[in-house]
Amino acid sequence: MPRAAAPSAQIARVVVLRSHQAFALGALTERCDKHALILPAGPYAFPYAAAFELARLFHGNESPVNPDAAGLSRAALAAALRALALADRQIVAPRLEWLDASSLELIADVFEFAELAGSRLCLLAGLPSGQPAAKLARLLEQAQCADEEFDAHKPRALNTHDSALLNALRAAPMPLEPEKLMRASGLRAREFQAALRKLCAAGYADAGPRVGLGAASEVLPPAELTRWREAVLEVCDLPDARLSVLCELGLGGAEANELARRALAAHEPALALARFAQAPSRLRDALGNARALAECGHTQSALAILQAEGGPALERARVAFVLAVRGALSLTDAERELRAAEREGRGGPHEVEAATLRATLLMRANRHAAALKLLRRITAPQAQSAPPDIRVIYLLLLAQAWRRAGREDKSRVLFAQAQDLSPSAEIALRVELQAFLCGYASAARLAQAAARAFDLEAARLALKKSPAARKALRHALGETDARVAAVPAAPQDALELCLRHGATLAATLLQGELRVLPAHAQAQAGLCAWLEAQLVRAAKSPGVLLPLSLPASEFKADSVLLLPTLGDCGPLIALFAKPANAAPLLECVNAREVVRQWLNAGAISAQDLQTLLEANTGENTPWPTSKPNSRRSNEPSTSH
């Protein structure tokens, strides 16, 4: 059959070739551009698996995509993929219907942002002829479709080694690195390479930076994969991938609950609902599941759970709030739940959250004076003790209430405070959108916030107001120094974040117990004792300076960084081979906020900071990190 030319991005942004020979769609990769991003046909067994693979292909080894212990999320992958919307690249997906639904939605967003930004990003995809799945609707709306047949790969007889590799691939929840797949298959290097070549020639496997299933693998007969799933579980380190395999083995209840709760905390209800669905109903967190159901529009199911289940007052209040916003619960019933949560959390940060939820309902009911009265009862120390996202929402609501009361001056000040504190792209967008609607923010600023949060509706609103905001949109899409999408909520996440951004070792305390990464550092008794002693001192006296004379260990460090807080954790110590290596971590967690913490804690003076900024040493790091066996000239002597 003559080979057709690769479709041009000038003809259509999305080109879908349909075929009755679905198993032959792997031949699509022969028609792509030289530098195309070619996705393996599969497998993609959990939410955002395909988007994760696309992000790894796009960034390569220059900027690896490393999710933390909370697993994948839309926010993290949107941050990793938003620059793709500006790229003049081609994406190739031999089996479009094999991509998971969450990834398809995100990829559709990428292409719509590419349209807004005016780039030449395009997609070449294969799809079996017939009725397409509902999950493909958004991409097919943008697509130019054509029917075409392909030359199929010739079937090959498989030996024992080939079958072992193929079964390991079929048991995997995502494309795997060759070394991991080799371990799971139990083959030696030469056996593995020979088997892989044969499977690729038959169209059963796709080999690239990672190895996945080929389009022709669908013709294979069913196989018993329990043994292979157990082997794959040993090599999977991604939380979502492990959960997928555990669920196939009937063991994933506790992990599904934990990852679902983390998704809810990160404001990702659809992801939380998918994870809750993987846990057996008897093990499922009932109120967490009800909240995810309510936020995804399944209000009757959520209402039934709320009426049948007891639980903490704040959890019930969160579910009641969402149901009231969606009109499935009366304002009176919702207020009763919210008042109970306020009473239970009196004087603490939970009272702030319950009050902000109740004030939101009052504002929606046009009871602005009552909302202002409620919010003004929150004291400054209470507001400061609330989690960052709750504190920002509190400031935002207070700004709106004062504006309704005719106090534009107070409203502007509070909006500015909320803009400075926004801990994530999603919360920042919420603040900028309200500021824009109140006339306090420009269309360009809204466009930047929309690009960082990857929110199409807000981006279109900004461009409708001012087409000139496209420049700001493109700038934000192309940012390479974006902050992490979510503040680490658990000590393990905070430590992993430090290691991913240049630290050779990171340590913190959890309920008085030392936590250290990498794990083998626990064997260094002298080092661990030193770390624990310094963290205890720093926790008791935030302004204390470390006596940085490190005990002998394999972790050689020229620089030690003390972060008073990192998300909900702290204090935290990170060791670096040299001072310049600390720059990526400070950039990631927002160096301005870290320096503010140092100044407030007395760990550095304003004069010292000015001196460091002016010096801007040859290490190219203006950020203050302490060197071992050194002390600032104005530092008080400390006993070791």
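The values are calculated or read from the model by the stated rules, or taken from the named source; none is laboratory data. In this text, all values refer to a predicted model and were calculated from it rather than measured experimentally. All Cβ positions, even for glycine, are placed from backbone atoms using ideal geometry, and neighbour counts span all protein chains on display. The protein model used for the area step is the full one, side chains on, heavy atoms only, and it has no ligands, DNA or RNA in it. Shrake-Rupley method; radii C 1.70, N 1.55, O 1.52, S 1.80 Å.
Under a cut-off of 16 Å between alpha-carbon atoms, report the aspartates and glutamates in cross-link reach of residue 198, not counting same-chain residues fewer than 8 places apart.
By straight Cα distance, residue 198 reaches 162, 206.
What FRET efficiency, computed as 1/(1 + (r/R0)^6) with R0 = 51 Å and r the Cβ-Cβ distance, is obtained for residue 539 and residue 339, rounded to the nearest 0.05?
Details: r = 35 Å, r/R0 = 0.69.
Efficiency, from the Cβ-Cβ distance: 0.90.
For residue 365, what is the net charge nearby, where nearby means another residue's Cβ is under 13 Å from its Cβ and Lys, Arg count +1, Asp, Glu -1?
Working: positive: 358, 364, 367, 404; negative: 335.
Residues near residue 365 contribute +3 overall.
Among 176, 103, 150, which residue has its Cα positioned farthest towards the positive end of the charge dipole of the stretch 95-181, with +1 placed on the Cβ of Lys and Arg, -1 on the Cβ of Asp and Glu, and the dipole taken about the Cα centre?
176
Roughly how many nanometres apart are two label points built 7 Å out from the Cα toward the Cβ at residue 190 and residue 499?
Rounded to a tenth, the inter-label distance reads 3.6 nm.
Around residue 192, what is the net charge, scoring Lys/Arg as +1 and Asp/Glu as -1 over all other residues with Cβ under 15 Å from its Cβ?
Details: positive: 180, 183, 188, 190, 197, 198, 210; negative: 162, 177, 179, 191.
Around residue 192, the charge tally is +3.
Per the 1.4 Å probe, what fraction of the accessible area of the stretch 14-163, in percent, lies on carbon and sulfur atoms?
Answer for the stretch 14-163 is 50 percent, counting heavy atoms of protein chains only.
From the Cα gyration tensor of the stretch 370-515, with a ≥ b ≥ c the square roots of its eigenvalues, which class applies: rounded if a/c is under 1.5, or else prolate if a/b is larger than b/c, or else oblate? Working shown, then result.
Numbers: a/c = 3.42, a/b = 1.23, b/c = 2.78.
Judged from the Cα gyration tensor, the stretch 370-515 comes out oblate (a/c at least 1.5, b/c at or above a/b).
Below 12 angstrom from the Cβ of residue 210, what's the summed charge of the other residues (Lys, Arg +1; Asp, Glu -1)?
Neighbour charge sum, excluding residue 210 itself: -2.
Of the cross-linked pairs 154/180; 34/464; 135/464, which ones have a Cα-Cα span greater than 30 Å in the structure shown? All intermediate terms of the calculation are to be shown ahead of the outcome.
Values: 154/180 28 Å; 34/464 37 Å; 135/464 28 Å.
Going by Cα-Cα distance, 34/464 fall outside the 30 Å limit.
Between residue 207 and residue 234, take the C-beta separation as r, use R0 = 22 Å, and let me know the FRET efficiency to the nearest 0.05. Working shown, then result.
Details: r = 22 Å, r/R0 = 0.98.
For residue 207 and residue 234, the calculated efficiency is 0.55.
Under a 5 Å amide H to amide H cut-off, with H placed in plane at 1.01 Å, what residues pair with residue 92 once short-range neighbours are removed?
Placed amide hydrogens put 37, 38, 39, 124 under 5 Å from residue 92.
Give the ranking of 163, 559, 281 by solvent-accessible surface, highest area first, calculated with a 1.4 Å probe. Can you show the working numbers first?
Working: 163 45, 559 0, 281 95 Å².
Final ranking, largest accessible area leading: 281, 163, 559.
Can you tell me the order of 521-531, 16-26, 227-237 when each peptide is scored by its average per-residue count of other Cβ atoms within 10 angstrom, highest first?
Values: 521-531: 16.3, 16-26: 21.1, 227-237: 17.8.
Averaged packing, sorted descending, gives the order 16-26, 227-237, 521-531.
When only C-alpha pairs under 8 Å and at least 6 residues apart count, what is the relative contact order of the stretch 51-192, in percent? Can you show the working numbers first?
Values: 112 pairs, mean separation 28.1, N = 142.
Once divided by the residue count of the stretch 51-192, the mean separation gives 20 percent.
If the chain between residue 146 and residue 460 were fully stretched, how many nm would it gain, using 0.36 nm times the residue separation less the Cα-Cα distance? Don't skip to the end; give the middle numbers.
On the way: separation 314, 0.36 × 314 = 113.04 nm, distance 3.03 nm.
Going from the current span to full extension adds 110.0 nm.
For the ranges 374-385, 201-212, what's the packing order if you count other beta-carbon atoms within 10 Å of each residue, average per peptide, and put the highest first?
Going by the mean number of other Cβ atoms within 10 Å, highest first, we get 201-212, 374-385.
Want the number for residue 300 to residue 163: 0.36 nm per residue separation, take away the alpha-carbon distance, what's left?
Values: separation 137, 0.36 × 137 = 49.32 nm, distance 4.77 nm.
Stretched fully, the residue 300-residue 163 segment lengthens by 44.5 nm.
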